[in-house]
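Since every read-out is calculated from the coordinates, none of them should be taken as a lab result. Nothing here was measured: the structure is a model prediction, and the numbers come from that model. Note that we place each Cβ from the backbone using ideal geometry, even for glycine, and neighbour counts take in every protein chain shown.
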Amino acid sequence: RAAEAGLYTSSDQIILLTPENVEAVLVNSTAATVVEFYASWCGHCRMFSPVYRGLAIDIKEWKPAVDLAAIDCAEAVNRKVCIDYGISGYPTIKFFHAYTKADSNGLPFKGFIRDVRGLRHKIIDKLEAHVPWPPACPPLEPTSEAELDSFFETNNVQHLALIFEEASSYIGRELTLDLLQFDNIAVRRVLSTEEGLVTKLGVTEFPSCFLYYPGGNFSRLKVKEEARTFYSYALQRLPGVVRSGKPPPVATDVLSNSTEDPWRPFNSSRVYMLDLESTLHYSLRVEVAAHTIIRGETLISLKKYVAVLAKFFPGRPVVMNLLKSLSSWLQNQSGDEISYEAFKEIVDNSAQSPDMALPEGERWVGCQGSQPQFRRFPCGLWTLFHVLTVQAKKVGSSDPQEVLTAMRNYVHSFFGCRPCAEHFENMASEGLAMMNTSSLAVLWLWAKHNHVNNRLAGALTEDPNFPKIQWPSPEMCPSCHAVQENGDHRWSQETVLPFLMSYFSSDSILTDYLE
Ligand code: FAD
């Protein structure tokens, strides 16, 4: 709890150190650990915290080899830990190599590095300079023609990616770590001075990436930009490459037999109205139904949620009539509480008014999962709110935060996944209030959804058929992706916004499978 009061939260992918866990995390660990010792009152630490959070997102895939941690030395309970590690100024960043001994104070990062790229490079320098080597960390040194000759005899992989680069470039080593949690692929760097290989493959561009196969066959990896993120995305999606420990994706004709529902073929780059209606059904008839009496802030959340649906849901006329009637009924409830039973009478149109209905049941299309426990309602809920933020921008809402606030309140009051609700509230409390235009609201939800995707990539809840990616992929929207001058990936927000406006627009929603 003490650590939660500091600059980082449990949703930041940073281990929050406490006197109780510090030894388990830092001593004799199989991974190296980078620790930021900070004080929550220190202005520099506050300014640095978005960079450290960004680093955690950036090197999430490196976790088995190198993990990130932080500790708030301003917390009285943590003070002894910080003193024991010899901390006298903030922020101090230290590197603890794998199998660090109990009496080690860690190795300080010299100088104050203020950007993700610089920190990432420093971590690689430290990894390379210190033994013992974390067992999960593949070799980072450059490969040679001689090593390649026997590579496939000693490494059981389908693909070998060779990154040709200058000696000063870190891309090859970064990609080796980026792919560390994926099976059937290995990455090696080849220096531009390795003449034999450079000539054999006809390499003229540094960096560039080639796929190398037994027998000496090779092909150049096609990417939009010769940069780390583009290589990483393309390599993770090569045939046969799967996240370690995950089963390979299943063909969709097999899927039809694994769920009770018949499999509905769909286009994974489109939004389906049936998913949105199934989401409304589930939220109004299942999630809200968990509250027999709805009162106080829960009632306010429900009123706001339904009001936003009535205003912005781009539904069929029968559904819209129902939502509008439900919203006006709710707004007329002036008491402190309502019963779910009374609410349900309106949802089910018990008075049987013609021309209004909310179809019952869940029938997923774009949100189908390869197993019944995957995707479905949470997928539908994200999709619904993306559609609503986009629609609010299109029709012009007077309050740019209206949809996001309704979502925040809905998730807080009703979303059945409580840890999800807690994580989402952490994110919402950080920046939602600053979204003062409807464009920013659309982009905020997109960025936060990607933040969640990053955290959940590879988690148990991930459907192997639908791996979590930073969305949209370079295939879906090539111009959404760009590179900064330093070679790091950059979203082109001026392209992402129109992409989202079109992708989630009412005109693009498919009505397949609706009855
Ligand atoms: P989803 O992430 O549900 O995405 C649905 C669809 O939206 C995708 O298929 C894609 O077409 C599109 N999409 C993907 N990314 C973006 C983006 N950045 N912008 C716009 N569209 C996008 N699960 C947990 O295990 N832990 C959590 O803490 C957690 N928190 C959640 C918080 C909220 C508010 C919600 C709604 C869900 C949360 N979930 C959490 C569930 C999780 O995010 C996924 O919804 C679920 O795992 C199903 O994933 P999916 O593959 O169907 O894709």
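Hey, got the dipole for region 435-515? About the Cα centre, +1 on K and R Cβ, -1 on D and E Cβ, debye to the nearest 20?
Dipole size: approximately 340 debye.
From the square roots a ≥ b ≥ c of the eigenvalues of the alpha-carbon gyration tensor of region 1-133, which class results: rounded (a/c under 1.5), prolate (a/b over b/c), or oblate? Rounded, since a/c falls under 1.5. Work from the charge dipole of the chain (Cβ charges, +1 for Lys and Arg, -1 for Asp and Glu, about the Cα centre) and give the residue of V452, F96, N332 farthest towards its positive end. Positive-end residue among those listed: N332. In the chain, the calculated helix contribution to ellipticity at 222 nm averages -12000 deg cm²/dmol per residue, counting -39,500 (n - 2.57) for every DSSP H run with n ≥ 4.
With R₀ set to 51 Å, the beta-carbon distance separating S502 from T199 gives a calculated FRET efficiency near 0.65.
The alpha-carbon atoms of region 407-494 define a convex hull whose volume equals 137 cubic angstrom per residue.
Dipole magnitude for the chain: computed about the Cα centre from +1 point charges on Lys and Arg Cβ and -1 point charges on Asp and Glu Cβ, it is near 660 debye. Taking 7 Å steps out from each Cα toward its Cβ at M320 and D125 produces label points 6.1 nm apart. Can you tell which of L119, S268, A428 lies farthest toward the positive end of the dipole of the chain, using +1 and -1 charges on the Cβ of basic and acidic side chains (Lys, Arg; Asp, Glu)? My answer, from the dipole projection, is A428.
For region 114-195, a crude dipole built from +1 on the beta carbon of Lys and Arg and -1 on the beta carbon of Asp and Glu, taken about the Cα centre, is about 560 debye to the nearest 20. Let's test this: bin the Cα-Cα distances of region 187-316 at 5 Å from zero up to the farthest pair and state each bin's percent. Spelled out per bin, shortest first, that is 2, 7, 10, 11, 10, 9, 8, 10, 9, 6, 6, 5, 4, 2, 1, 0.
Could you tell me whether region 366-515 comes out rounded, prolate or oblate from its Cα gyration tensor? Rule is a ≥ b ≥ c as square roots of the eigenvalues, rounded for a/c under 1.5, then prolate if a/b exceeds b/c, otherwise oblate.
Working: a/c = 1.20, a/b = 1.06, b/c = 1.14.
Verdict is rounded for region 366-515.
Among the trypsin sites (Lys or Arg not before Pro) within region 175-210, not one is in coil by DSSP while having at most 15 neighbouring Cβ atoms inside 10 Å. Label zone of R79 (point 7 Å out along Cα→Cβ, amide N under 15 Å): in region 29-49 this covers 39-41. The angle separating the long axis of helix 493-503 from the principal Cα axis of greatest extent in the chain is about 40 degrees. Rounded if a/c is under 1.5, else prolate if a/b beats b/c, else oblate: with a ≥ b ≥ c from the C-alpha gyration tensor eigenvalues square-rooted, which is region 248-375? Prolate is the answer for region 248-375, as a/c is 1.5 or above and a/b outweighs b/c. Near K344: Cβ cut-off under 14 Å, other residues only, Lys/Arg at +1 and Asp/Glu at -1. The net charge is -4.
Simple spin-label estimate for S10 and D149 gives 5.5 nm between the two label positions (7 Å along the Cα-to-Cβ direction from each Cα).
Taking Cβ separations below 4.7 Å as the criterion for a possible disulfide partner, the isolated cysteines in the chain are C137, C209. At a Förster distance of 45 Å, what's the computed FRET efficiency of R237 paired with W329, Cβ-Cβ distance as r, to 0.05? After rounding, the FRET efficiency stands at 0.40. Each 5 Å bin from 0 upward holds the following percent of the Cα-Cα pairs of region 320-412: 3, 10, 14, 17, 22, 19, 11, 3, 0. Determine the alpha carbon to alpha carbon distance for each of K126/K246; K63/K94; K60/K468; K63/K246; K122/K448; K63/K468 and list only those over 19 Å. Beyond 19 Å between Cα atoms: K126/K246; K122/K448. Listed by chain and number, the aspartates and glutamates placed with their C-alpha closer than 16 angstrom to that of K80 are E20, E23, E36, D72, D103; residues fewer than eight positions away on the same chain are left out. Other residues whose C-beta falls under 13 angstrom from the C-beta of H291 contribute a net charge of -1, scoring Lys and Arg +1 and Asp and Glu -1. On a per residue basis, the convex hull of the C-alpha atoms belonging to region 1-76 measures out at 78 Å³. When the trypsin sites (Lys or Arg not before Pro) in region 11-113 are filtered for DSSP coil states and for at most 15 other beta-carbon atoms within 10 Å of their beta-carbon, the remaining sites are K101, K110. Expressed to the nearest 5 percent, the antiparallel share of DSSP beta bridges inside the chain is 60 percent. Compactness check for region 85-176: Cα Rg over 2.2 N^0.38 Å is 1.35. Of the two radii for region 60-131, the radius of gyration is 0.96 times the Kirkwood radius, both from the alpha carbons; that is the Rg over Rh value. Spin-label pair E425-D355: with each label point 7 Å from Cα along the Cα-Cβ axis, the two points sit 4.2 nm from one another.
Rg/Rh, computed from the Cα trace of the chain with Rh as the Kirkwood radius, has the value 1.01.
Counted residue by residue at 0.36 nm each, then reduced by the alpha carbon distance between them, the extension gain from E337 to M47 reaches 100.0 nm.
Sparse packing (at most 12 other Cβ atoms within 10 Å of the Cβ) combined with a DSSP loop state is found for the following GluC sites (Glu not before Pro) in region 1-110: E20. Using the Cβ-Cβ distance between R418 and S268 with R0 set to 30 Å, the FRET efficiency works out to roughly 0.55.
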